[in-house]
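Notes follow once the structure below has been shown.
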Amino acid sequence: MKNLLGSGNPYIWLTAGMLTICLLMISGLTVLIMVNGFGIFWPRKIVQFTLLDGEVILGEIAKRESVPHQKDAYRTKVKVGNRDVYGMDFRWIDNADIVSQTYPVHALVFERREWGNLYGFLHGLRQNGGVKPLKPESMASLLGESHALYKKIRYIAKKEIGNINYRIEKTRLELKRLALLQPSEKIQKRVAEVKARMEHLEILYREKEDTLAGFYKKAMEKEVVVLLADGREKIVPVFQIIRISMPNEMGVFAKVGFYIAKFWEFIWGEPREANTEGGVFPAIFGTVMMVLIMSIAVVPLGVLTAVYLKEYAGDNFISRLVRISVSNLAGVPSIVFGVFGLGFFIYLFGGGIDKLFFSETLPTPTYGTGGILWASLTLSLLTVPVVVVATEEGLSAVPRAMREGSYALGATKIETLWKVVLPQATPGILTGTILAMARAAGEVAPLMITGVVKLAPSLPIDGYFPYIHLERKFMHLGFHIYDVGFQSPNVEAAIPMVYTTTLVLLFTVLILNLTAIVVRNKLKKWYNRGAL
């Protein structure tokens with residue numbers, strides 16, 4: 001036994017076993033997320049159950065499991081939808097109570113803008129107090145008209161009325177700013193001009209509101225009657241329907257087309273139904289923009305710190321203390337950085353900026369509240385130890401002979417550093433930078449108090465000057481997962497969205513890490529060829 005332990009073989013097997021366990025755990029988690037994330041867009045068959053008491057239930061089978069503490073007893077979880085009718089999305093059925101289970105050919109799934117999916121049979125089109133027979137194939141033209149009308153309403157509400165609101169707000173602030181100046185004839189004339197412009201804008205606003213109300217009235221004119229499984233009729237405005245599908249009649253190609261359309265909507269669409277449906281594009285955009293701003297802030301800070309510690313500070317008490325402090329920063333809980341960002345960036349710097357440049361907006365803060373800029377700077381402090389350590393390692397990997405050769409040719413220290421050392425250390429610097437980006441992409445706690453929100457009314461980039469609005473709040477994939485998974489009013493219906501959003505975030509982090517490896521390896525090969 002002593003000889004066996006002394007040979008070191010058991011330790012090799014132990015480390016290999018631990019590595020295998022870690023890889024299996026990571027692979028298992030990834031597969032679980034991928035299976036549950038990719039599978040939610042695939043159309044499932046609609047099942048109709050008839051129970052012993054005569055009740056008929058229509059929906060999708062979500063899960064089957066054994067009944068706890070009952071031998072040979074099983075139950076089925078059915079997504080019945082129709083939340084505005086039944087008050088719930090899911091229902092458990094004991095398999096012993098099932099008399100029959102069929103798959104109706106003409107059963108439809110109505111995907112709505114509100115209240116989730118509706119399962120039933122198309123009864124007809126409601127017109128003039130009566131019901132006109134309508135086939136599912138005829139719904140395509142109605143939905144086309146409805147979608148075109150929806151685009152018009154969205155354009156008027158977001159673009160035209162949004163533009164008027166923006167101009168009204170600017171005019172209001174201008175009036176407030178003029179009120180703070182010393183009264184004079186010129187100022188009074190200017191105030192009169194601004195008030196006249198404000199009245200004109202308010203007239204335009206009322207006109208657009210009337211136009212929008214007319215479109216909404218037109219949108220609610222056409223209604224379809226849906227026959228539910230229990231025989232009740234449900235009236236649904238065509239305007240509220242996004243798409244209609246017949247999963248029980250779909251072939252493979254139809255299902256693939258449906259899957260692609262749903263996946264495309266998820267990536268590029270906006271969230272709806274308390275973030276449990278729709279897309280996550282605002283969250284993806286906010287995450288990427290935050291990481292980019294964070295990188296712009298953290299790279300100079302981290303690289304300059306590492307260069308000073310490695311090339312200029314030497315090995316003394318102060319430099320050792322700084323290194324220990326940087327290492328300890330990596331172990332500080334992220335929420336502590338969030339509290340620091342709230343007090344230092346938001347209250348101190350943001351409040352100061354508001355007093356100097358946005359006094360007319362007070363007491364409503366502009367920069368003195370959470371925003372994407374302050375969240376990015378907070379995360380730059382959180383990730384700076386990663387960049388400092390990686391940069392120092394990259395600088396240490398540069399051979400001393402290259403420095404001495406540069407000095408021998410007459411180069412100064414700064415020329416040697418800029419033209420010889422830093423280019424050779426670039427692979428390590430980039431690796432640390434992208435690893436920092438990957439870590440920042442998954443952080444949530446600091447963002448919750450520095451600018452992230454459940455639903456942002458507008459993106460940080462738009463067509464209004466100065467086009468990039470760093471003071472705005474934003475959405476983030478990590479917070480979106482937390483909000484949907486733990487704060488949603490309908491948690492069961494939100495679980496698929498949690499898996500899919502987690503999958504998007506996982507692939508984002510994976511791409512960043514793979515990019516780091518590829519860039520590092522290519523730069524190493526390029527510099528090695530240059531050295532030869």
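The values are calculated or read from the model by the stated rules, or taken from the named source; none is laboratory data. Just so it is clear, the model here is predicted, and its values are computed rather than measured. Positions of Cβ are generated from backbone atoms using ideal geometry, with glycine treated the same way; all protein chains shown enter the neighbour counts. Surface areas here come from the heavy atoms of the whole protein model, side chains and all, with no ligands, DNA or RNA. Shrake-Rupley method; radii C 1.70, N 1.55, O 1.52, S 1.80 Å.
If only one of 112, 177, 167 is assigned by TED's automatic domain parsing to the domain that holds residue 218 and either under 24 Å from residue 209 (Cα atoms) or surrounded by 15 or more Cβ atoms within 10 Å (Cβ to Cβ) (or both), which one is it? Matching residue, one of 112, 177, 167: 167. Screening 280, 288 for residues that are open to solvent by 40 Å² or more (accessible area, probe 1.4 Å), at pLDDT below 90, among the aliphatic types (A, V, I, L, M) and farther than 21 Å from residue 152 by Cα leaves exactly one candidate, 288. Exactly one residue out of 452, 498, 484 is at pLDDT 85 or above, crowded, with 20+ Cβ neighbours inside 10 Å and touching a strand residue (DSSP E or B) at 6+ places or on another chain (Cβ under 7 Å): that is 452. Taken over region 255-314, residues that are under 30 Å from residue 43 (Cα atoms) and not small (Gly, Ala, Ser) amount to 25. Residue 301: in a helix (DSSP H, G or I), under 23 Å from residue 373 (Cβ atoms) and out of contact with any helix residue (DSSP H, G or I) (no Cβ under 9 Å at 6 or more places or on another chain), yes or no? When the stated conditions are applied, residue 301 does not pass them. Within this structure, residue 364 passes the test of being open to solvent by 60 Å² or more (accessible area, probe 1.4 Å) and either under 30 Å from residue 176 (Cα atoms) or outside any helix (DSSP H, G or I) (or both). Pairs meeting the criteria (first residue in region 417-428 and over 17 Å from residue 312 (Cβ atoms), second residue among the small types (Gly, Ala, Ser), beta carbons under 6 Å, at least 6 apart or on different chains) are 428/390; 428/394.
For region 383-402, enumerate the residues that are open to solvent by 30 Å² or more (accessible area, probe 1.4 Å) and of a type outside the set (Asp, Glu). Hits for region 383-402 are 386, 389, 396, 397, 399, 400, 401, 402. Within the option set 478, 428, 432, 485, being under 22 Å from residue 295 (Cβ atoms), under 19 Å from the mean Cα position of the chain (by Cα) and assigned to a helix (DSSP H, G or I) holds for one residue only, 478. Whenever a residue of region 28-47 is under 18 Å from residue 493 (Cβ atoms) and in contact (Cβ under 8 Å) with a residue 60 or more places away in the chain, its partners that are in a helix (DSSP H, G or I) and open to solvent by 80 Å² or more (accessible area, probe 1.4 Å), lying with C-beta atoms within less than 9 angstrom and at least six residues away or across chains, give the pairs 41/260. For region 37-67, the set of residues classified as open to solvent by 40 Å² or more (accessible area, probe 1.4 Å), among the acidic types (Asp, Glu) and outside any loop (DSSP other than H, G, I, E, B) consists of 65 only. Among the residues of region 117-136, those that are within 20 Å of residue 219 (Cβ to Cβ) and open to solvent by less than 40 Å² (accessible area, probe 1.4 Å) comprise 118, 122, 124, 125, 134.
Among the residues of region 316-331, is there at least one that is under 30 Å from residue 285 (Cβ atoms), at pLDDT below 90 and assigned to a helix (DSSP H, G or I)?
The first filter runs over region 316-331 and keeps only residues under 30 Å from residue 285 (Cβ atoms), leaving 329-330.
Adding the requirement that they be at pLDDT below 90 leaves 329-330.
Right, trim to assigned to a helix (DSSP H, G or I) and you get 329.
Yes - at least one qualifying residue is present in region 316-331.
Does residue 197 satisfy the criteria of being in contact (Cβ under 8 Å) with a residue 12 or more places away in the chain, open to solvent by less than 100 Å² (accessible area, probe 1.4 Å) and under 24 Å from residue 160 (Cα atoms)? Against the criterion (in contact (Cβ under 8 Å) with a residue 12 or more places away in the chain, open to solvent by less than 100 Å² (accessible area, probe 1.4 Å) and under 24 Å from residue 160 (Cα atoms)), residue 197 qualifies.
Only one entry in 513, 490 is in contact with a Leu (Cβ under 9 Å, 6 or more places away or on another chain), polar (S, T, N, Q) and surrounded by fewer than 18 Cβ atoms within 10 Å (Cβ to Cβ), namely 513. For region 232-245, the criterion of a residue being in contact with a His (Cβ under 6 Å, 6 or more places away or on another chain), within 21 Å of residue 117 (Cα to Cα) and either open to solvent by 90 Å² or more (accessible area, probe 1.4 Å) or not basic (Lys, Arg) (or both) is satisfied by no position. Would region 68-78 turn up any residue that is of a type outside the set (Lys, Arg), surrounded by 14 or more Cβ atoms within 10 Å (Cβ to Cβ) and not in a strand (DSSP E or B)? Looking for residues that are of a type outside the set (Lys, Arg), surrounded by 14 or more Cβ atoms within 10 Å (Cβ to Cβ) and not in a strand (DSSP E or B), one finds none in region 68-78, hence no.
For residue 144, the conditions (1) touching a residue at least 24 places away in the same chain (Cβ under 8 Å); (2) not in a loop (DSSP other than H, G, I, E, B) are fulfilled apart from (1). Residue count for region 256-277 satisfying the condition of being open to solvent by 30 Å² or more (accessible area, probe 1.4 Å) and either within 25 Å of residue 61 (Cβ to Cβ) or in contact with a Lys or Arg (Cβ under 8 Å, 6 or more places away or on another chain) (or both): 13. Restricting attention to region 203-229, the residues that are within 20 Å of residue 133 (Cα to Cα), open to solvent by 60 Å² or more (accessible area, probe 1.4 Å) and not hydrophobic (A, V, I, L, M, F, W, C) total 2.
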